[in-house]
Structure formats: structure tokens, C-alpha cells
Amino acid sequence: MIRGNVQTRLRRLDEGEFSATILAAAGLKRLGLEGRISRFFSVEEMIPAAGQGILAVQGRAGEDYSWLAGYDNPDSRICARAERAFVRGLGGGCSEPIAAYAKVEKNGRLRLYGFYQNPETGQTFSGQQTGHISQPERLGEQLARKAKYHTGAVGKVWLVGAGPSDPGLLTLKGREVLQDAEVVVYDALAGDAILAMIPDTAEAINVGKRSSHHTMRQEQISALLAQKAKEGKRVVRLKGGDPFLFGRGGEELEVLAKEGIPFEVVPGVTSAIAVPAYQGIPVTHRDYCSSVHIITGHKREGESLDIDFEALVRTKGTLVFLMGVSSLRLICAGLLAAGMRADMPAALLARGTTAAQERIVATISTLPQEVEAHGAVTPAIIVVGEVCRLAEQFSWTEQLPLWGVRVVVTRPRELAGTAAERLRKLGAEVLELPAIRTEARADSRELERALEELGKYQWIVFTSPTGVRIFFEELAKKKKDVRCLGRAKFAVIGSGSAKELEKHGIYADLMPEVYDGAHLGAALAESCRRRLAEQGAEGGKPCLRVLIPRAAEGNRELTDALAAVEGLAADDIPLYDTRYGVPASLKEVLAARGELTGGNTYVMFTSASTVKGFAAAVQGFDLSAVRAVCIGRQTRAAADALGMKTWMAEQATIERMIEKLTEIVRKQRG
């Protein structure tokens, strides 16, 4: 490194101390030394540090900065976001060997150049990537992952046991690891509700693995895990049940260990224990047995079962056979030939822990015939032992109000949790299928202006819990709290928005009896008319300002009612956009489509937007087969227009929707 100011460095160059020097062109130009420049380096040759040439202005909170709007450069803002995302994706700071430069090109494209030297391996990366200008952070993250891969930054693999299907049986650590995944490799035995937990940002890869129907061979799966980890990604291998109980997890770890790839194992609840428990069968009971044995019933085509039946019979314990449906007749025959008595209770338990779970209880000598008459269903396990006698007595799931009912919840992911939890407590199997997602509007000058003038509003109106949440998130970004709200009153469309508002220590001043835009508009308009009349009586100029931060596609009933009030000015500001579609991980669920219909499946819609999003996700499907429980009249109208069979809650709340569903199921069962 050459020390000294520009003139000193040039003097030393002229004296022949070195052959060339690299200096900033801007500095030479300012000093009138542009003639000394012999060549310029292109961005591809020498990528500058992230943020170079981009200026940001920071000022004291609470001041009026609207005059700065004319100086704002949207392209520079987008470039800065992409460059910072690249640095952040590599965990870098000011002293790290990282460089980034972004530029906006034609047709809405953004190009990002990046350089990185891995401090651990010493390897360097220099490359570029293009993307749409609407997703600068994603572009930066993608290029950062590429840089990690090319500089030898290895990721990590987690083998996670997903349990039998019920998401409540997924361990806390399993859920935590899954939510942090960048890649999820899953098989057919992972429950739909668990697949719904895969982050939207993660790459979801279905490798099949059910009853000899494999999308990918085991060797290919192991190689895939290693490949994704070598790209520097956090990889979750999601396996039904427990990864080490006939799950071939050991084979996958052998490949990872050989490749030197870090890994962890998160054990799962095995179906051998959980499925019998959900069907009223305890695998051990002191009055019936003193041991339990788990055996694989799987065999390769053309080969015999490799099972010591005589040893199993001698144990006098409970026998649980996994993957044994196709070998049921051979298993029963083997046990009988080994001396097991013909009237020993036995059961086939299918689709355990789901709304479609079934139980066939017979004896070891009659079970094959009973299953054949009923029709074999997979996945299923076979339980043999005296404990099977307890199934009818101990069956507890069948006592729950919504047992055997599958409910599809279409609310956005961040709002679905409460409804899903309540439904599961009532015994329903819940699939969280977010048909819409909400995105806060970035860099909204209208919103910024409103937030700086909050003290001028007499009313602030919320039409959804999402609107409340994003509004206060935007306040927090500006280091503002409730003190900036002045004397404003708050109106909400319903109890959901009211509860969200209460989280911030604020109670709604107005909420209509009927939770919709028309009734909210009418109630608020009447309140404002009374206040304007009071202002006139006091001798002042009647004037009220109302702020409505809500979805960009908000309905007109609210604003039309307020527009009819003379002296009232309403600022209807788009706070967030509604996007339609479902996460990639759930496309397999939708592909089955039969899961969304049938006498025991209901879809819950909490807005007309969720109806629209659901319809977009299942294009080509006969929507007349969908049984829809709707929150209110507008939502029901949207569902009716698509030919769905509909019911509507007595009041527009989640609680009343669940009550309506429970009533429907009760009547259906007689």
C-alpha cells in the first residue's frame, strides 16, 4: 500500500519508485489532474465497495423532510438495497473483503456485480447476476449464495423427523430448524400441515418415497443433500416419523460424513407409537404385555420376508409392523406358523393422526380377509397383540366435536395461527393454505407524509388486523410511538382489528355492530356529522380529517360513506398490497386436489381476497365441489359467484366461523 496524499503518490510515481498506481478518478478530477489518468477500470475489472457513490440523508425525528423528496433517486435506493443484501448475505461488515455494485438497466432489470474473498479458505469470487428491480434484496441474497459456494463455504444438513402427520407432533426443535431452512427435501410421508410450515423463501424438493413409488432413488437423494450443502445452504431433510427408524437416515449421513459436510439429527415421534395412541391402542399395558417390538414389513420384490417369526411369538409382546400392508397376508401366516394363537387381536391402522384415519380390528387369522373386504389403504401400520382389545374403549379422537373433519384455512400465514390452533383443539385436521400474502408498500411518500402529520387527524381507521400491524411497524421504523398519535380516535371494522389494536395499548372508540365496510362507513360518518355540527355551534369552521391506512384494493363502501360528509377530508392511503398464490411447497398438496373436497373437507374464507387467491391456486378445478364457510356477506358473495356451496357465520369473527362449522358437522352427523 502506498501512503500519502494524491500529489505525494504521483511524485513517487514520477520518480520511478513504481510503474503505476491506482487512484480514485473523482479525486483526480477535483484536483484538476484528469490528464494524468491513463486508463479507467470497468466495474467488471474492479468492483467498488458496496454503497459507493450513493448518499443518504439522516435527520432528527419529527421534522418535516418533505422538501427532500425532489432529491430522492429511486434507482439509487434500489441499488443500495441490492448491494447491502449481498454484504449482509455474506455476514460482512466494513472491514470484510467484499465489494458490490448494482445498476438499473432497461426493461425493469437490475444487474448486480459482486466480489468476495472467503477469510477461512482464502478463495475469491467475482461474478454478477440479474433480476427484477422489484426484488433487489433477493438478487443480493442469490449472488451471496453463489459467492459462498464458489469460495468453499459449505452449508449444513439437518435430518428432521416430521412425525406421523399431525403438526402438533413435530418437535419444537424440528419446527425451529424448518423455519430457518433454505432448502427442504421432503418425502410423501411428511404431513400436508407440516409442509405448509416450509418458509416461502425456501426451495422445496419432493423426493416421493412411499410404497415403492419413488420420485428419486435413495442414492440420488443423498447426493442431492450433499450438493445443496456445498452451495452453502441450510438444508433440511424432512422425513416422516423418525429419520433413523426404517427411514434410511443412516445411509444419508454416510454420504454427508464422507463428503465432510456438517450435519445434525432432530429425532421425530415415530408412527409406531403415535398412530396406535391416536386410535386408542396403548402399545404397552402391564395387564397384557411387558415389551413392544417394531419390525419392518417391507420386502424387495421376489424376495421373502427376513423376519424371525418364532422369536417374535416367544416375546409375548406387542408387535408393530411398519411398511407392511403389501405383506399383510405373509406376516399373519408367518406368525400363525410360528405358533401364535389364531384369536390373537390384530389391527390395521391407516392414515394415522389425520382426519381420514381408519382402524380395522380383527384377529391375526382374520385380519387379511377384513382388510381385503374393506380395501387396503396406505400409509398404514399393523399392530398385533392383546392391547388391540382396548381400541374401542380408549378411542379418544372420535369424541372430539370436529373429529374426522379436514379444514383448509386460507388466511395469510401470519394470521392463520389462532384459527388453526382452535380448530385443532376441537379435533380437526387443519391445512394452512395461505391463498394470499400481504406485502407492506416500500417507500410510500403518501404514508411518510401522513405519519409526519398524525397530530392533524381526528380519526384513524383500520379495516384489518394486517393494517394495524403494518401501521405500527412503520411507526417503529421511524422511532415513533403512541405519543405521536395526538388526540386521534380509532375506528375498527371488527373484533380482529380491535384485538390487534389493543396489543399497542389502544382501545377502539368505534366498531360497527356488523363487521363490514358499509356499516363501518355509516357509523363513522354519523359520528363525524355530530362532531362537525358541534364545531359549527362553537363558531369554528367545521373540519375533520380521517386517516385510512389499509390494503391497496380496499372496497369503496367505507370511503363512499365518508365522501358524503361535508367538511370531512379522508386520506385513503395504500399501506400494503395483496398478492395471490400459495407457497411452492404446497403445490403438491394442490396437485392432489381431492384433498380440498369431499364430505369431510371444508374451506374457511375470511375475505373476498382469500376466495380470489384460492381460486387462482386451483385453476381448472371444479369449484362447485368446494364446501366454503365464509366470514361475511361479501366473502360469501365471492364464493357463491364461483359456484361453491357456502355457509356464513352469524357474525364476522373467527369464533363465529368455527361455531358455524361445528354446527354444520353436528347436523351432518345427525
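What to note about this one:
- Rounded accessible area per residue of region 328-433, 1.4 Å, Å²: 40 Å²
- Applied to region 649-662, the Karplus parametrisation 6.51 cos²θ - 1.76 cosθ + 1.60 on θ = phi - 60° returns per-residue 3J(HN,Hα) values of 5, 5, 9, 7, 9, 5, 4, 6, 5, 5, 4, 4, 4, 4 Hz, with x for Gly and Pro.
- Rg/Rh ratio calculated on Cα atoms of region 1-147 (Kirkwood radius): 1.04
- At q = 0.18 Å⁻¹, base-10 log of I(q)/I(0) for region 371-517 (Debye sum, equal scatterers on each alpha carbon): -1.17
- A simple packing score, the average count of other Cβ atoms within 10 Å per residue, orders the peptides 643-656, 426-439, 392-405 as 426-439, 643-656, 392-405, with the highest score first.
- Point-to-point label distance, residue 42-residue 395, nm (Cα→Cβ direction, 7 Å offset): 7.4 nm
- Taking N as its residue count, the alpha carbon Rg of region 136-196 over 2.2 N^0.38 Å: 1.40
- Scaling against 2.2 N^0.38 Å puts the C-alpha radius of gyration of region 274-389 at 0.98.
- Near the amide H of residue 646, within less than 5 Å, lie the amide hydrogens of 628, all on another chain or at least 5 residues away, with H placed in the peptide plane.
- Ellipticity at 222 nm from helices only: DSSP H runs of n ≥ 4 in the chain, each -39500 (n - 2.57), divided by the residue count, give -10000 deg cm²/dmol.
- Carbon + sulfur, % of accessible area of region 110-167 - ligands and nucleic acids excluded, 1.4 Å: 42 percent
- Ordering of 80-90, 325-335, 36-46, 471-481 by packing is 80-90, 325-335, 471-481, 36-46, highest average first (other Cβ atoms within 10 Å, averaged per residue).
- Amide H partners (placed H, <5 Å) of residue 575, local residues excluded: 550, 551, 552
- Most tightly packed first, judged by the mean number of other beta-carbon atoms within 10 Å of their residues, the peptides 629-641, 604-616 read 604-616, 629-641.
- Restricting the calculation to Cα atoms, the chain yields a radius of gyration followed by a Dmax of 31.9, 105 Å.
- Both radii are taken from the alpha-carbon atoms of region 146-273; with Rh as the Kirkwood radius, Rg/Rh is 0.95.
- Qualifying lysines (Cα of each under 17 Å from Cα of residue 667; at least 8 residues distant if same chain): 645
- Apportionment of accessible area to carbon and sulfur, region 17-95, percent (1.4 Å): 52 percent
- Accessible area per residue in Å² at 1.4 Å probe, computed on region 1-130: 70 Å²
The values are calculated or read from the model by the stated rules, or taken from the named source; none is laboratory data. Quantities reported herein were computed from a predicted structural model and do not represent experimental measurements. Methodologically, a virtual Cβ is constructed for each residue, glycine included, from the backbone with ideal geometry; neighbour enumeration extends over all protein chains shown. These area figures cover heavy atoms from the full protein model, side chains too; ligands, DNA and RNA do not enter into them. Shrake-Rupley method; radii C 1.70, N 1.55, O 1.52, S 1.80 Å.
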